Amino acid sequence: MRRWSGIVYRAFAEGLEDNPGPTSQQRLSVAEANKAAQRGEYSLGARLGIFKDEDERRHADVENGFGAIVDATLTRQSVFTTDDSRWQITEAVTRDLTEGVKKLARNADGDFTPDTYVKRLPLPTALHLSVLTGESLAALADASHTASLARGTRKRTAKRWKPIVLRFKDWLGHDNLGRIAPADVQRWGDERSAGGSAPKTINDTNFAALRAVFGWGVKSGWLPINPAENARVEGRGKKRTREPWFLESESAAMPLSLTPHSEFKAPSERTPNADSDRCRPGFRDDLAHHSGMMSPG
């Protein structure tokens, strides 16, 4: 994340180098205020506010002091980030600007010795980002595959994702890594879903492959964010092939012995018949008398 912080550092440390306004002591007081913000002890809101813990207090103080600067920088550079990535950039800007203010304090005293701290921050033209260097999606797939093998991953496992990434590239119609947005990934999944692919396959295979490769790209400096991080296709419900009730033609074809529900009667309402008489007391004796036999016992 130092790459983006470097842009902010240069804007202040180099852009204000010849500004004769604040004295060295005033510059150093700003540096101390920056350090206090990093501890969550600068702004009145941070000192008097109610927070869950000290990390939340510190987060609020840093955000209050540097959040707007980070947002302005990312907007100017046309960079989209996740919340976690943005916070990492904000923390880097907080640290680096503190050093930048110290450098301006030296300049205010007439000390213009070469700035050594800036060497730690890569120049924008040296960033390993496709938007600046023209890296391709195919190159990222190759690099990710090579790195996976170097980590000792089984060949079969390492090569699972690469073909999927290349299919995504073919669908995109271009190989410019810097032009890939989260909306592109989601649209690819939606089209595959509309074409009949199962949501589980899209989520657990297609999106998982892109998420893994892009995730490695973020860690390795190829990308500022993972465009597949939140991609997901919702599952489809079970397809209904017919209505839940019988059609009129089906009802007419049913055996006549089936009693319609509207004609169903409770046992107490039914007309006695031979079957019901079998349960009548004395039925066995009557049957024995008419057949010339006596009921046992």
**Prompt:** Quick one: if you stick a label point 7 Å off each Cα along the C-beta vector at N176 and T113, how many nm between them?
**Reply:** 4.6
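Between L48 and T157, what length in nm is gained on full extension when 0.36 nm per residue of separation is reduced by their alpha carbon distance? Display every interim value, and only then the final one.
On the way: separation 109, 0.36 × 109 = 39.24 nm, distance 5.30 nm.
Difference between extended and current length: 33.9 nm.
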**Message:** 5 Å is the cut-off here: which amide hydrogens, built 1.01 Å from N in the peptide plane, fall below it relative to N176, excluding neighbours closer than 5 in sequence?
**Reply:** L137
**Item:** Karplus-derived 3J(HN,Hα), 6.51/-1.76/1.60, for each residue of the stretch 182-194, Hz, glycine and proline x
**Value:** x, 5, 5, 5, 5, 5, 4, x, 5, 5, 5, 5, 5
**Complete:** Simple SL model, points at 7 angstrom along Cα→Cβ for A208 and D190; separation in nm is 2.4
**Request:** With a point put 7 Å past each Cα toward its Cβ, work out how far R39 is from T75 in nm, to one decimal.
**Result:** 3.3
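How much length would be gained if the chain were fully extended between S136 and E234, taking 0.36 nm per residue of separation minus their Cα-Cα distance, in nm to one decimal?
Details: separation 98, 0.36 × 98 = 35.28 nm, distance 2.98 nm.
Difference between extended and current length: 32.3 nm.
Just reorder T201, T90, T81 by solvent-accessible area, largest first, 1.4 Å probe, all chains present.
So, going from the largest accessible area down, we get T201, T81, T90.
The values are calculated or read from the model by the stated rules, or taken from the named source; none is laboratory data. Here the structure is a predicted model, which means the values were calculated and not measured. Every residue, glycine among them, receives a Cβ derived from its backbone with ideal geometry; neighbour counts consider all protein chains shown. For the accessible areas, the whole protein counts, side chains as well, though only heavy atoms, and no ligand, DNA or RNA atoms are used. Shrake-Rupley method; radii C 1.70, N 1.55, O 1.52, S 1.80 Å.
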